[in-house]
Number of protein chains: 2
Amino acid sequence: VLTNPRSDRVKAVRSLSRRSVRSRTGQFLAEGPQAVREAVRHAAADVRDVYVTAQAQQRHPQIVAAAHAAQLWVHEVTPEVLAAMCDTEAPQGIVAVCRWSGPGLDEALAALPPDAFVCVLTHVRDPGNAGTVIRCADAAGAGGVVLTGASVDPYNGKAVRASAGSLFHLPLALDPGTAEVLDAVHRAGLLVLAADGRGELDLDDAEDAGLLGAPTAWLFGNEAWGLPADVAALADHRVRIPLHGRAESLNLATAAAVCLYASARAHRRG
Amino acid sequence: VLTNPRSDRVKAVRSLSRRSVRSRTGQFLAEGPQAVREAVRHAAADVRDVYVTAQAQQRHPQIVAAAHAAQLWVHEVTPEVLAAMCDTEAPQGIVAVCRWSGPGLDEALAALPPDAFVCVLTHVRDPGNAGTVIRCADAAGAGGVVLTGASVDPYNGKAVRASAGSLFHLPLALDPGTAEVLDAVHRAGLLVLAADGRGELDLDDAEDAGLLGAPTAWLFGNEAWGLPADVAALADHRVRIPLHGRAESLNLATAAAVCLYASARAHRRG
């Protein structure tokens, strides 16, 4: 049982709340039973250590059993040690240190099934938004998520929590060059659709015209200022979600949900 | 120019951050240029006072001109007074004290156009979620939003901000009795569809079957535990959003966006 909240190991885990440390070590922290369960279930090879309190072991026996079955290191810790490791105010007794061995962009694109759609985020700054969009992309059946431009690190604690485990369900690629990413996406044969409130195409019309049935990369911009015109111009079409009331726009996550589910319907109906 | 941040007037405005004061006075605070602009534009009769700093007056001349044109009281205040009135850490120089003279439920239902759809939230606890769903409902063209059960007060500062002005765009009704609300909705001739991850109907199938073209009330439950079975049972159908990947669910706001836009499509296509 680890009992010393001031040990080097505890400090090393705690330091994963800093992006610089995550970048240098290639590791991040998954906090809470949902994230740890999904990590163990779907990405066990990327889990380095599981830390769990006695109480959480009793509350989540299946997670602990699955971690043992996957031959992972499971360490019992005191509540004080767990709190010292964590970013959250109310850690739920279980965390996992994970490696982010995400595929490179080209590798991720090469591995896509022929009728896939993916989600590209550029300059998305809020970790909660990034995590929520990753969760939506997973739910809608997207083949992956690419974060580009000055987007937030999806391995940030808040992003991991907002993704509700979806981070471990689909390929995530990180690549800062938006134009290069869209180039690669085009070379992989995907149609690039930019979600853009000033877009020339209405989403319903795009769906009716059969555009959404193609292998597609949906491009979403910053939560406050959207896509700059020069970036939107790199897409094949700019698509606006129809606004039937008086709202000026949707927020990023709800807009992404509407667009990604439109693609899901089109692909399902094939 | 109001200069005393400790005046009774300032304290009275500040006290609107408390639900009990909002209930007693029937007033709430709209903070920031977007909320104040939409209040002045779409609900001027409900605006009691506008407070604005000299700097914000220069930055938002149209809002101030519109407030004057609507014969509203516009008070210049110092930045210290404005900060003392506000809930937010970074007030943007302009706020409005508004009355919530929302229609009663029966009145709101009677005023619905014949092909409307509405959104009913029960036990939604997070103000950001409530505001975001109100914004989505507005964007999708819903005829109103009803908050029932132990739902958060939509006139809470965070809810007002998350609604991005949509609070002033469509009728909001507050009524704590969920069963009574669903009764009234049924009597008004609306089909009640509960968004429920364990629902017997797939959303795409419901759309294909033409169910969504009816006048509809979408029922959404608590962000963490959804709809209790006895409440879901009061709906005509329980509809699940298809989950194509490995995500267990969507969050409330994105689920609402997908469902409300499905109704918007069905109503648009007639």
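Placing +1 on the Cβ of every Lys and Arg and -1 on the Cβ of every Asp and Glu, with nothing else charged, gives the protein assembly as shown a dipole about its Cα centre of roughly 1500 debye.
How much of the pair distance distribution for the stretch A:198-270 lies past 22 Å, counting alpha-carbon pairs only, in percent? The share of Cα pairs beyond 22 Å in the stretch A:198-270 comes to 18 percent. Helix B:252-269 and the longest principal axis of the Cα set of chain B meet at an angle near 70°. To the nearest 0.05, how large is the calculated FRET efficiency for B:His75 and A:Asp205 if R₀ is 51 Å and r is the Cβ-Cβ distance? About 0.60, to the nearest 0.05. Each listed q (0.25, 0.30, 0.32 Å⁻¹) maps to a log10 I(q)/I(0) for the stretch B:152-204, found by the Debye formula over equal Cα scatterers with no solvent: -0.99, -1.05, -1.11. What is the calculated FRET efficiency for B:Asn4 to B:Glu89, with r their C-beta to C-beta distance and R₀ = 30 Å, to the nearest 0.05? My answer for the efficiency is 0.90. Taking the longest Cα principal axis of chain A as reference, the axis of helix A:33-42 is set at about 70 degrees. Could you state, as a whole-number percent, how many of the C-alpha pairs of the stretch B:133-173 are farther apart than 15 Å? Here the long-distance tail beyond 15 Å is 32 percent of all Cα pairs in the stretch B:133-173.
For the residues A:Ala69, A:Ala84, A:Ala159, a GNM of chain A with alpha-carbon springs under 10 Å puts the largest fluctuation on A:Ala69. Residues of the stretch B:21-35 falling in the label zone of B:Gln55, defined by backbone nitrogen less than 19 Å from a point 7 Å along Cα to beta-carbon, are B:31-35. Taking amide H as placed 1.01 Å from N in the peptide plane, the amide H of A:Asp202 sits under 5 Å from that of A:Arg240, each at least 5 places away or on another chain.
Computed over the stretch A:144-270, the convex hull of the alpha-carbon atoms projects to a mean area of 8.2 nm². Taking the charge dipole of chain A about its Cα centre, with +1 at Lys and Arg Cβ atoms and -1 at Asp and Glu Cβ atoms, the residue from A:Trp100, A:His123, A:Leu260 reaching farthest to the positive side is A:Trp100. In the stretch A:209-248, which residues give up 50 Å² or more of accessible area once the other protein chains are added, compared with their chain alone (1.4 Å probe)? Residues losing area: A:His244, A:Arg246, A:Ala247, A:Glu248. From the largest down, the stretch B:1-62 spans 33, 29, 15 angstrom on the principal axes of its Cα atoms. The spread of Cα positions in the stretch B:12-141, taken along each principal axis and listed from longest to shortest, comes to 46, 31, 25 Å.
Normalised by 2.2 N^0.38 Å, where N is the number of residues, the C-alpha radius of gyration of chain B stands at 1.07. Packing order of peptides B:257-266, A:260-269, A:105-114, A:135-144, highest average first: A:135-144, B:257-266, A:260-269, A:105-114 (average count of other Cβ atoms within 10 Å over each peptide's residues). Computed on the Cα trace of the protein assembly as shown, the radius of gyration divided by the Kirkwood hydrodynamic radius gives Rg/Rh = 0.98. Across all directions, the average flat footprint of the convex hull enclosing the Cα atoms of the stretch B:74-142 is 7.0 nm².
Between amide H atoms placed 1.01 Å from N, distances below 5 Å from A:Ala173 occur with A:Val145, A:Val146, A:Leu147, all of them 5 or more places distant or on a separate chain. Calculated over the stretch B:55-206, the projected area of the Cα convex hull averaged across directions stands at 11.4 nm². Inter-chain neighbour count for A:258-268: the average number of beta-carbon atoms from partner chains within 10 Å of each residue's beta-carbon is 4.
By accessible area, using a 1.4 Å probe on protein heavy atoms only, the stretch A:7-163 has 48% of its surface on carbon and sulfur.
The residues of the stretch A:51-141 have, on average, 45 Å² of accessible surface per residue, using a 1.4 Å probe with all protein chains present. Using only side-chain charges placed at the Cβ, +1 for Lys and Arg and -1 for Asp and Glu, the dipole size of the stretch A:199-270 relative to its Cα centre rounds to 280 debye. Between the stretch B:34-101 and the stretch A:93-133, the alpha-carbon centres lie 42 Å apart.
Residues of the stretch A:165-186 that bury at least 40 Å² of accessible area once all protein chains are present, compared with their chain alone (1.4 Å probe, heavy atoms only, ligands and nucleic acids left out), are A:His169.
Only one residue of A:Gln27, B:Ala45, A:Met85 has its Cα farthest out toward the positive end of the dipole of the protein assembly as shown, where Lys and Arg carry +1 and Asp and Glu -1 on Cβ, and that residue is A:Met85. Computing Rg and the Kirkwood Rh from the Cα coordinates of the stretch A:208-247 gives a ratio, Rg/Rh, of 1.00. The Cβ shell under 11 Å around A:Glu248 holds other residues with a net charge of +1, Lys and Arg each +1, Asp and Glu each -1.
Are there GluC sites (Glu not before Pro) in the stretch B:198-270 that DSSP marks as loop and that have at most 16 other Cβ atoms within 10 Å, and which are they? Taking the stretch B:198-270 and a limit of 16 other Cβ atoms within 10 Å, the loop GluC sites (Glu not before Pro) found are B:Glu200, B:Glu248.
Each Lys or Arg adds one and each Asp or Glu takes one away; over the other residues whose Cβ falls under 14 Å from the Cβ of B:Leu105, this sums to -4.
Taking amide H positions as modeled 1.01 Å from N, with prolines and chain starts lacking one, the residues under 5 Å from A:Asp49 and 5 or more places away or on another chain are A:Val97.
Over the stretch B:114-153, the hull volume per residue, using the convex hull of the C-alpha atoms, is 51 Å³.
Counting only alpha carbon atoms, the long axis of helix B:178-187 and the longest principal axis of chain B meet at about 70°.
The values are calculated or read from the model by the stated rules, or taken from the named source; none is laboratory data. On a predicted model such as this, the values are computed, not experimentally measured, just so you know. Counting neighbours? That spans all protein chains shown, and the Cβs are built from the backbone with ideal geometry, glycine included. Quick note on the areas: whole protein, heavy atoms, side chains included, nothing else; ligands and nucleic acids left out. Shrake-Rupley method; radii C 1.70, N 1.55, O 1.52, S 1.80 Å.
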